[in-house]
Structures are given as structure tokens and as C-alpha cells.
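Q: Have a look at this one before I ask anything.
Read the figures in this text as sums done on the coordinates, not as results from a lab. Predicted model, so just to flag it, every value in this text is computed and none were measured. Here the Cβ is made from the backbone with ideal geometry for all residues, glycine too, and neighbour counts use every protein chain on show.
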């Protein structure tokens with residue numbers, strides 16, 4: 001695949017993002033931005049913006065955390081609170097009460113909005129689970145498996161892509177002895193949204209990484225099989241799709 005081909009794909013993604021973004025004035029202060037991303041109820045995700053001290057304040061209006069709490073996912077335990085804060089910190093997003101918030105200037109507005117949306121998707125994926133059924137969070141399961149198998153990694157690694165957007169990968173395994181760098185993303189709920197987000201992150205950053213770098217998506221198939229469309233979307237863009245039940249088959253490629 002050529003650089004021009006990847007450039008075209010990134011351009012198509014950004015055009016899709018623009019065309020499917022809808023703005024609506026709520027009042028004299030707030031503007032609602034409806035994005036093309038879907039939440040777990042298949043509703044379009046929305047953020048709210050207002051002018052603030054010479055810049056802009058963006059928020060999800062507490063939707064993400066409140067929705068999960070109302071669905072029975074308690075985020076007030078110390079373990080999950082720490083994970084929530086760590087996840088938000090990786091995107092430069094803060095928690096104000098239950099609201100995910102970020103400040104932006106005119107120059108970095110697009111980047112900050114992108115980071116807020118990515119944080120909403122990440123929090124939804126981390127905590128969108130039934131507490132009585134799932135004992136531990138999927139990302140923690142992946143990390144424990146890496147540690148158990150003595151795979152050396154760097155957690156929460158952020159790269160800036162050609163578009164200027166930042167992209168957060170859950171783990172990075174450095175290159176060694178002729179083995180390429182490997183970037184890992186743990187996806188608790190394999191969905192079209194999650195696949196699109198990872199594909200864009202990979203396409204946008206791969207030309208900025210060593211030429212032989214590889215991307216892996218760890219997909220939680222504990223409760224149900226991964227949809228074939230998700231696997232196809234990932235593999236079409238050279239992202240290795242790893243069903244959690246089949247993780248042992250990929251250990252040699254990661255541990256080297």
C-alpha cells in the first residue's frame with residue numbers, strides 16, 4: 001500500500017466525519033455537536049460547546065458516565081475510579097462531577113474535540129459490562145496476560161498522526177532483535193465504531209512509525225463471538241484481529 005493510497009483513505013475518513021456532523025444551537029451559550037459515532041444504544045454521540053474565557057469549553061454533559069451508572073455499572077469503586085482517571089488522562093480530558101470535559105483554543109479545537117470523542121468511546125468500552133457477570137475489566141485481563149507471559153510492554157502510548165490528531169494505544173511492545181514494533185489495542189466490545197476508530201488511528205500513525213510496525217486488536221469474545229464484519233474491517237487495513245479465546249496463537253509474535 002502506497003503513502004498516496006493511505007493519504008486518500010485518511011482524506012475520505014475526514015470527509016465522512018465532516019459530512020455527518022450536525023450542529024444545533026441549544027441557547028445563546030451552548031451549541032450541540034452530533035457526531036457520526038454511535039454509542040452502545042446505537043444513538044449518535046453528542047458533545048456540547050460554549051465560549052469560555054477566550055477559548056472553548058467542550059463537554060459530554062455527563063452522558064457517558066451517567067448512562068453507565070444507570071445501567072448498573074458502578075464507577076465509584078477505587079479500582080474503576082483509578083482506571084477511569086488514567087483513561088481520561090491519556091486523552092487530556094478531565095472529569096467535572098460526572099461530565100467529561102476539555103478546554104480548547106481556536107487553533108486546537110478540532111484536536112480537542114477529537115480527544116473528547118475518543119475518551120467517550122474509550123470509557124464506554126472500558127466500563128460497558130454487567131458487573132455481576134464480568135469479574136475484571138478486559139484491558140486488565142490483557143495486561144495480566146502480557147505480564148504472565150513475560151511480554152515487555154509500554155502502557156498507554158500516544159502518537160500524533162499525519163492529520164495532527166493524537167491516538168492512544170493501550171500497549172506498545174518495542175522492537176528487538178529484528179522483530180518489529182507492535183502496537184496493541186484492547187477492545188472490550190468489538191463493534192463497527194471501535195474498528196473504525198482503531199483503523200483510523202493505525203492509518204494515521206503508521207507512516208510516522210517504523211516501516212515494519214504492526215498493529216494488533218485484542219477482541220473480547222468471552223460473551224459472544226466477534227462479528228465477522230469487525231474482523232474484516234480490521235484485517236483489510238493490516239490490523240491483526242486477535243480474538244481473546246485465540247490469544248495463545250499470537251504469543252510467539254508478541255513475546256519475541
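Q: For the chain, what is the mean residue ellipticity at 222 nm derived from helices alone (per DSSP H run of n ≥ 4: -39500 (n - 2.57); sum divided by total residues; nearest 500 deg cm²/dmol)?
A: Details: 8 runs with 97 residues, N = 256.
Calculated from helices alone, the mean residue ellipticity at 222 nm is -12000 deg cm²/dmol.
Q: Tell me the relative contact order for region 3-127 as a rounded percent, counting alpha carbon contacts under 8 Å between residues six or more apart. Numbers along the way, then the final one.
A: Working: 160 pairs, mean separation 25.3, N = 125.
It rounds to 20 percent for region 3-127.
Q: On a full-extension model of 0.36 nm per residue, what is the gain between residue 140 and residue 177, subtracting their alpha-carbon distance, rounded to one decimal in nm?
A: Working: separation 37, 0.36 × 37 = 13.32 nm, distance 2.79 nm.
Gain on stretching residue 140 to residue 177: 10.5 nm.
Q: Testing the spin-label approximation: label points 7 Å from Cα along Cα→Cβ at residue 15 and residue 41. State their distance in nm.
A: It is 3.4 nm.
Q: Please report how far the C-alpha centroid of region 157-173 lies from that of region 189-256, rounded to the nearest whole angstrom.
A: Region 157-173 and region 189-256 have Cα centres separated by 15 Å.
Q: With all distinct Cα pairs included, what does the Kirkwood hydrodynamic radius of region 138-255 come out to in Å, to one decimal, could you say? Don't skip to the answer; put the middle values down first.
A: Numbers: mean 1/r = 0.0697 Å⁻¹.
Mean inverse Cα-Cα distance, inverted, gives 14.4 Å.
Q: OK, next. Name the most mobile residue of 28, 207, 15, meaning the one with the largest mean-square fluctuation, in a Gaussian network model of the chain with Cα contacts below 10 Å.
A: Evaluated over the chain, the most mobile residue of the options is 28.
Q: Follow-up question, since we're still on this one. Taking every DSSP beta bridge with both residues inside region 138-255, roughly what % is antiparallel (nearest 5)?
A: Values: 10 of 21 bridges.
Among the beta bridges of region 138-255, antiparallel pairing accounts for roughly 50 percent.
Q: Using only Cα positions of region 3-127, each an equal point scatterer, no hydration layer, compute I(q)/I(0) via Debye at q = 0.14 Å⁻¹ and quote the log10 values to two decimals.
A: -0.65
Q: Taking the Cα atoms only, what angle lies between the long axis of helix 192-206 and the longest principal axis of the chain, rounded to 10 degrees?
A: 70
Q: Here's another thing I want to ask about it. Dividing the alpha-carbon Rg of region 63-205 by 2.2 N^0.38 Å yields what? Provide the component values of the computation, followed by the final result.
A: Working: Rg = 15.8 Å, N = 143, 2.2 N^0.38 = 14.5 Å.
That works out to 1.09 for region 63-205.
Q: Who wins for biggest fluctuation among 153, 13, 48 in a Gaussian network model of the chain, springs between alpha carbons below 10 Å?
A: Of the options given, 13 has the highest mean-square fluctuation.
Q: Right, something else. Residue separation times 0.36 nm, minus the C-alpha to C-alpha distance between residue 157 and residue 2: what's the value? It would help to have the intermediate numbers written out before the result.
A: Numbers: separation 155, 0.36 × 155 = 55.80 nm, distance 2.55 nm.
My answer for the length gained is 53.2 nm.
Q: While we're looking at this one, here's another question. Can you give the angle from 0 to 90° between the axis of helix 109-127 and the longest principal axis of the chain, with both taken from C-alpha atoms, to the nearest 10?
A: 60
Q: Quick one: helix 3-19 against the long Cα principal axis of the chain, what's the angle to the nearest 10°, folded into 0 to 90?
A: Taking Cα atoms only, the helix is inclined about 30 degrees.
Q: What is the spin-label model distance, in nm, from residue 53 to residue 69 if the labels are put 7 Å beyond Cα along the C-beta direction?
A: Distance between the two pseudo-spin positions: 2.5 nm.
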